[in-house]
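The next block holds one structure in the form of structure tokens; read it before the comments.
The values are calculated or read from the model by the stated rules, or taken from the named source; none is laboratory data. Computed from a predicted model, the values in this text were never measured in an experiment. Cβ coordinates were reconstructed from backbone atoms using ideal geometry, including for glycine residues, and neighbour counts include every protein chain displayed.
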Ligand SMILES: [Mg+2]
């Protein structure tokens, strides 16, 4: 039996929702406050942390004294209900596969729960492997994937990752997972070899790739 891992942000809802921009604005302000840098300098530092460590938080944990829980609470205080629209087709399509699916995200559980609830999922329909579950060692680092597979009692060879981040798909492929790239419709890039299939629509991806 296959196990399906779904990234949350910009995978289960479109990048065009603007959640990333809202989160990044909060993160830039937080980094500026912690480092006493200007917003432009803090933004540059944060982008470097994201590229190097997988999340801004990991960079802050390594290089600064930061209250992890306060950070998570502050930066995720955004208007999910305004930005994301419910997606009943997604909920219905995933219904068949709920028993073998999980959300696998670098975000905290409470953000994932808000997003899933807004999309139309009820209660704890989907297990959530969040940033705390992976000990704050985010995707694309191997540890995150090992933890996720362990939580779902799955083997990489029978697992599929649906993701909008190429870096995160590269690690998945190196472990033997099948990789489904959920691409922003506006992005024009060369698709790397570690991507098995590409979709712009998550519902179409689930319909064709889950079996
Ligand atoms: Mg994502």
Fill in: Filter result for residue 103 (touching a residue at least 40 places away in the same chain (Cβ under 8 Å) and touching a strand residue (DSSP E or B) at 6+ places or on another chain (Cβ under 7 Å))
yes
Discussion item. Condition first: touching a helix residue (DSSP H, G or I) at 6+ places or on another chain (Cβ under 6 Å) and surrounded by fewer than 14 Cβ atoms within 10 Å (Cβ to Cβ). Now tell me which residues in region 58-80 satisfy that.
Written reply: 64
Worksheet item: Looking at (1) within 16 Å of the ligand (Cβ to nearest atom); (2) surrounded by fewer than 20 Cβ atoms within 10 Å (Cβ to Cβ), which is the only condition residue 88 fails?
Response: (1)
Discussion item. Tell me whether region 174-194 contains one or more residues that are more than 15 Å from the ligand (Cβ to nearest atom) and in a strand (DSSP E or B).
Written reply: yes
Practice prompt. Mind counting the residues in region 135-153 that are out of contact with any strand residue (DSSP E or B) (no Cβ under 6 Å at 6 or more places or on another chain) and either assigned to a helix (DSSP H, G or I) or under 29 Å from residue 82 (Cβ atoms) (or both)?
Written response: 11
Worksheet entry | Answer from 114, 109 - the residue that is within 16 Å of the ligand (Cβ to nearest atom) and out of contact with any helix residue (DSSP H, G or I) (no Cβ under 7 Å at 6 or more places or on another chain) | 109
Worksheet item: Is there a residue being surrounded by fewer than 16 Cβ atoms within 10 Å (Cβ to Cβ), on the phi > 0 side of the Ramachandran plot and over 15 Å from the mean Cα position of the chain (by Cα) anywhere in region 22-39?
Response: yes
Practice prompt. Report, by residue number, each residue of region 1-52 that is away from the ligand (no atom under 16 Å from the Cβ), assigned to a loop (DSSP other than H, G, I, E, B) and in contact (Cβ under 8 Å) with a residue 60 or more places away in the chain.
Written response: 1, 2
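Listed here are the residues, each with its yes/no results for (1) over 16 Å from residue 14 (Cα atoms); (2) surrounded by fewer than 19 Cβ atoms within 10 Å (Cβ to Cβ); (3) at pLDDT 95 or above.
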| site | (1), (2), (3) |
| --- | --- |
| 134 | yes, no, yes |
| 147 | yes, yes, yes |
| 155 | yes, yes, yes |
| 162 | no, no, yes |
| 174 | yes, yes, yes |
| 181 | no, no, yes |
| 187 | no, yes, no |
| 194 | yes, yes, yes |
Discussion item. Against the condition in contact (Cβ under 8 Å) with a residue 24 or more places away in the chain and away from the ligand (no atom under 16 Å from the Cβ), how does residue 162 come out, does it pass?
Written reply: no
